[in-house]
1. Scan segment 159-171 and tell me whether some residue there is in contact with a strand residue (DSSP E or B) (Cβ under 9 Å, 6 or more places away or on another chain), buried (at least 17 other Cβ atoms within 10 Å of the Cβ) and more than 16 Å from residue 283 (Cα to Cα).
2. Take the residues of segment 81-95 that are assigned to a helix (DSSP H, G or I) and in contact with a strand residue (DSSP E or B) (Cβ under 8 Å, 6 or more places away or on another chain): which is surrounded by the fewest Cβ atoms within 10 Å (Cβ to Cβ)?
3. Quick one: count up the residues across segment 258-292 that are part of a helix (DSSP H, G or I) and closer than 20 Å to residue 183 by Cβ.
4. Could you please give the count of residues in segment 169-228 that are farther than 28 Å from residue 244 by Cβ, within 16 Å of the ligand (Cβ to nearest atom) and part of a helix (DSSP H, G or I)?
5. Out of (1) in contact (Cβ under 8 Å) with a residue 24 or more places away in the chain; (2) farther than 27 Å from residue 238 by Cα; (3) surrounded by fewer than 17 Cβ atoms within 10 Å (Cβ to Cβ); (4) out of contact with any strand residue (DSSP E or B) (no Cβ under 8 Å at 6 or more places or on another chain), the odd one out for residue 197 is which?
6. Any chance segment 234-257 includes a residue that's in contact (Cβ under 8 Å) with a residue 60 or more places away in the chain, outside any helix (DSSP H, G or I) and over 22 Å from residue 194 (Cα atoms)?
7. Which of the residues that make up segment 19-37 are within 15 Å of the ligand (Cβ to nearest atom) and in contact with a strand residue (DSSP E or B) (Cβ under 7 Å, 6 or more places away or on another chain)?
8. Just to be sure before I move on: is residue 147 part of a strand (DSSP E or B) and at pLDDT 95 or above in the structure I sent?
Ligand SMILES: [Zn+2]
């Protein structure tokens, strides 16, 4: 099995073996570059050619075939992203790369007639047809360029992020934006509370890279892209975090929902965002004059 022995971002060969364990594979370890801080897995060989076509990237087996369950599970995130972007994408051309079940596309189709997705998972084809969602299995099959390309929780799964980002950038119109959302590896549960149960739960073999503010910015700088903004998001609530800390289990935001007060959550999320220890990052990038 081919091992990763240098940092993909800064080429540094000084790599730390972290104490993080993967929840689904004890043969692969989590490494961290001592220079730039990028986290990455010790090998990517387990992601073979048909991995994404067969829907193997799901953390939960139900999602692979139960599309109703998938729709429901992703709806809140689809809606949050749609609300965040709707003023910009109205009547614009939009492509959601790695669109999964296509919930974000469905919402966008209410405000623009020019929206499509890219998704490799083969058993979704019929679903897309039934739901009138235009989805390609390869972005290169789509003619023309986009105003907006979105990519939600995909980049961390990609072996060659540089190649993918540059390809997506080449599909944008002159002032187009590529909007990327990733989980933040500086999540408070990891970096502030150092909750071992959460660490062992969150790290898994499909997250080949784990980004934070610094490494995401460095990646875009390396590719000579213009950063329009970086935005911090907190998806999970205070009760979710307290439940992890006390019970070492997920689901606290549901189990302790009655204690989940809006104002308290808001203040907690502001606190985490100020520290860059929130759970999710959105970055928007565009071409500079140097990139054709
Ligand atoms: Zn590095």
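1. The answer is yes; a qualifying residue exists.
2. By that ranking, first place goes to 88.
3. Matching residues across segment 258-292 total 8.
4. 5
5. Unmet condition: (2).
6. no
7. 30, 31, 32, 33, 34 - these are the residues of segment 19-37 that are within 15 Å of the ligand (Cβ to nearest atom) and in contact with a strand residue (DSSP E or B) (Cβ under 7 Å, 6 or more places away or on another chain).
8. Taking the combined requirement at face value, the residue satisfies it.
The values are calculated or read from the model by the stated rules, or taken from the named source; none is laboratory data. Since the structure is predicted, the reported quantities are computational estimates derived from the model, not experimental observations. Positions of Cβ are backbone-derived with ideal geometry, glycine not excepted, and every protein chain shown enters the neighbour counts.
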